[in-house]
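The values are calculated or read from the model by the stated rules, or taken from the named source; none is laboratory data. Model, not experiment: these values are computed from the prediction. Cβ coordinates were reconstructed from backbone atoms using ideal geometry, including for glycine residues, and neighbour counts include every protein chain displayed.
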């Protein structure tokens with residue numbers, strides 16, 4: 001790097017020492033700084049598009065995963081002047097005045113920042129499987145499951161039975177019923193079906209095993225869905241940075257004998273992919289352009305005659 | 001981007017597994033007592049590029065963080081034990097199970113295997129066997145002079161012997177059920193083996209409790225639905241293609257990178 005930020009103050013001192021050179025030097029340094037800074041803006045764009053491509057690839061790869069919810073990368077403009085105090089930046093912020101009609105506020109030193117990944121919790125389509133152990137959720141709810149890492153949440157209702165006759169996920173983790181009293185030990189909330197052939201789930205989650213109503217599946221949600229963070233294996237865990245407690249879900253309907261498909265729309269993913277790939281190529285062109293400018297600077301402007 | 005290449009590769013692998021499963025279902029459309037299989041998928045772990053809560057500015061923290069998923073894997077291939085349609089065959093030793101349960105067969109190595117295929121035969125020594133010579137358990141021997149074999153819905157096997165007008169009961173067919181039949185291991189030849197996941201077999205007489213009734217001179221055809229399989233095949237092929245497009249796009253992006261210089 002020809003003109004990093006850290007050397008800026010030194011550059012200023014040098015500029016003062018070489019007073020008569022200053023105007024030319026300023027021209028050079030601003031040229032260098034502009035081109036070098038700009039190249040990082042382009043690089044940040046390329047990196048952001050690369051992240052986006054990874055997310056699209058994951059959405060497409062999981063197009064057939066039951067109850068998979070698609071992810072989206074969210075970008076934003078990131079201004080370095082917001083990050084540091086004026087003294088730390090080393091250059092004065094251009095004050096609002098007639099001369100600077102539009103205050104730039106470090107916009108010339110901005111880059112793209114991946115602000116976050118957001119999961120789209122829209123409903124996936126339901127397909128009939130006729131397996132009584134497949135329970136699909138329509139609406140806003142998550143099943144509670146006890147995994148070795150603690151209670152986790154999932155929308156994938158493709159359950160099975162373990163050798164003890166308990167209702168478990170495909171990984172063998174037991175599905176939990178609603179708490180009947182506070183502080184109820186978790187194993188007493190397992191759904192035990194045993195060898196009973198007649199097992200039905202009402203659309204509000206009431207369990208009927210044989211002729212008996214044994215309880216209600218625990219279905220929860222949160223006001224702010226962003227609190228659910230993906231963990232893999234179709235499970236979600238709680239994000240600690242968002243304060244939105246899980247509550248009993250009310251707006252849902254269960255469908256026994258159905259499976260929820262993923263909410264990935266291949267058409268929009270493909271379009272996004274094309275767009276991402278082209279923007280990535282454009283950022284490469286920008287990097288090339290900056291490179292050419294630097295080439296001019298190094299080889300033509302400073303040529304010794 | 002290198003990630004997206006691998007992610008798309010896992011997607012193609014998963015769709016390949018899906019296609020293999022569908023091919024096997026379609027190939028076995030005409031297999032007596034065959035149960036279709038469904039491949040199920042789940043997403044792989046997520047890579048946290050930026051943890052939620054990291055400082056992004058003077059007074060700002062990132063509320064959500066950046067996560068990128070790493071693809072898909074096959075979670076399970078699940079047998080669908082729904083009943084296939086019953087076909088009349090008019091053969092004395094054809095038995096269909098109309099409901100839950102498996103016939104128990106002793107293989108030549110002594111282990112017990114379970115089957116829904118009730119296409120039974122008489123061995124040279126009169127015992128009831130399947131077409132591979134595995135012996136039906138409990139063993140039932142049909143006398144050499146027996147003419148008319150009757151199997152009741154309750155599994156009682158009776159025969160008419162020469163010179164007798166009264167049917168004589170020679171044995172009782174028993175069925176086995178499992179807590180988790182999807183946990184059974186298919187070993188080919190229409191046979192399944194018990195596993196720790198399926199639990200131990202619970203043996204009982206047909207047409208009692210939750211055991212299915214036996215239908216003589218009937219066979220259970222496979223429960224494969226060709227239309228459904230064809231539709232699944234189309235979606236699988238398209239999903240496979242889409243994943244290959246992701247690989248192409250990622251490759252193009254890499255190419256753009258290498259053309260920088």
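Things to note:
- Answer residue from region B:51-60, given it is at the interface with chain A (Cβ under 7 Å from one of its Cβ atoms) and at pLDDT 65 or above and is surrounded by the fewest Cβ atoms within 10 Å (Cβ to Cβ) among those: B:53
Rundown of residues vs (1) within 14 Å of chain A (Cβ to nearest Cβ); (2) closer than 15 Å to residue B:79 by Cα, yes/no style:
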site: B:162; (1), (2): no, no
site: B:176; (1), (2): yes, no
site: B:187; (1), (2): no, yes
site: B:199; (1), (2): yes, no
site: B:205; (1), (2): no, no
site: B:214; (1), (2): no, no
site: B:220; (1), (2): no, no
site: B:229; (1), (2): yes, yes
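- If only residues of region B:1-42 that are under 13 Å from the mean Cα position of the chain (by Cα) and at the interface with another protein chain (Cβ under 9 Å from one of its Cβ atoms) are counted, the one that is farthest from residue B:190 (Cα to Cα) is B:40.
- Any hit, region B:104-113, residues being away from chain A (no Cβ under 13 Å), closer than 22 Å to residue B:181 by Cα, over 20 Å from the mean Cα position of the chain (by Cα) and in a strand (DSSP E or B): yes
- Complete set of residues in region A:167-196 that are under 31 Å from the mean Cα position of the chain (by Cα) and in contact (Cβ under 8 Å) with a residue 24 or more places away in the chain: A:169, A:171, A:173, A:174, A:175, A:176, A:177, A:178
- Residues located in region B:93-113, provided they are touching a helix residue (DSSP H, G or I) at 6+ places or on another chain (Cβ under 9 Å) and either crowded, with 24+ Cβ neighbours inside 10 Å or farther than 25 Å from residue B:199 by Cα (or both): B:102
- The set of residues in region A:208-220 being surrounded by fewer than 21 Cβ atoms within 10 Å (Cβ to Cβ) and at negative phi consists of A:208, A:209, A:211, A:212, A:213, A:214, A:216, A:220.
- The strands (runs of 3 or more DSSP E) found entirely in region A:105-208 that carry 1 or more residues being more than 30 Å from residue A:287 (Cβ to Cβ) and away from chain B (no Cβ under 14 Å) are A:126-128, A:135-139, A:142-147, A:150-154, A:199-201.
- Residue within region B:231-238 that is surrounded by 15 or more Cβ atoms within 10 Å (Cβ to Cβ) and within 8 Å of chain A (Cβ to nearest Cβ) present: yes
- Any hit, region A:249-264, residues being modelled with pLDDT of 90 or more, within 12 Å of chain B (Cβ to nearest Cβ) and touching a helix residue (DSSP H, G or I) at 6+ places or on another chain (Cβ under 9 Å): yes
- Residue check for residue B:199: crowded, with 17+ Cβ neighbours inside 10 Å, without any contact (Cβ under 8 Å) to a residue 40 or more places away in the chain and in a loop (DSSP other than H, G, I, E, B): yes
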